[in-house]
1. I'd like the FRET efficiency for residue 166 and residue 49, computed as 1/(1 + (r/R0)^6) with the beta carbon distance as r and R0 of 51 Å, rounded to 0.05.
2. Mind ordering 138-144, 49-55 by average Cβ neighbours within 10 Å, highest first?
3. Set the Förster radius R0 to 22 Å, insert the Cβ-Cβ distance between residue 134 and residue 66 as r into 1/(1 + (r/R0)^6), and round the FRET efficiency to 0.05.
4. Give me the one-decimal nm value for the distance between modelled label points at residue 110 and residue 82, 7 Å along each residue's Cα-to-Cβ direction.
5. Pull out the extension gain between residue 102 and residue 144, defined as 0.36 nm times the separation in residues minus the alpha carbon to alpha carbon distance; nm, one decimal.
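Values in this text are rule-based calculations from the coordinates and carry no lab data. Not measured: the values here are computed from a predicted model. We place every Cβ from the backbone using ideal geometry, glycine too, and count neighbours over all the protein chains shown.
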């Protein structure tokens with residue numbers, strides 16, 4: 001009896017085991033499917049040279065006044081690298097002609113703040129970005145003003161003003177306020193009225209709009225007749241008998 005029970009249990013286990021294993025496998029796949037997704041980033045193999053180039057740009061451009069300014073400059077460098085328009089490596093971006101400070105790749109970095117700069121550069125290479133820089137790829141010394149309407153400023157940090165270049169169609173010039181137009185009209189009318197001497201304000205005579213020749217008496221009849229025709233008509237009417 002016991003032998004039969006053990007045999008039945010063994011057969012049942014052998015039959016159901018594949019389904020149990022399949023269920024575990026499917027559960028594992030579902031668990032992997034609900035894992036939170038991270039933002040896709042372009043993969044780079046950063047080298048020690050890339051780290052030095054980024055640190056140099058952050059060192060000379062941010063004035064080392066704050067970590068915020070350092071990370072902001074580093075964010076611009078990485079945005080330029082991500083765009084693919086300014087080089088294929090960090091050093092290509094930093095060394096682009098006429099874009100960063102002169103001698104940025106060759107001048108000595110003599111400052112007690114160098115360890116802080118290197119730490120910030122490492123953080124940027126690991127993915128840290130200034131949240132307000134967003135997609136900005138340009139900056140200039142803070143305090144300067146330019147008359148270009150396509151410059152959209154996003155941040156001022158580390159002595160620099162960071163901005164995006166946007167299409168002029170997307171950034172139209174602000175419209176004139178309606179109150180300015182309304183207030184201008186009465187002032188113009190007042191000036192014109194005050195400039196006219198009182199002696200010139202003479203009433204216009206009615207004769208100026210009268211006709212040059214007096215109008216002839218209009219006939220009462222609905223048709224025009226000559227005097228002889230009128231006499232004939234009168235005689236005809238007089239000869240008729242009235243009721």
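1. According to the calculation, E is roughly 0.90.
2. Listed from highest to lowest mean packing, they are 49-55, 138-144.
3. 0.70
4. Roughly 3.7 nm, to one decimal.
5. Going from the current span to full extension adds 13.2 nm.
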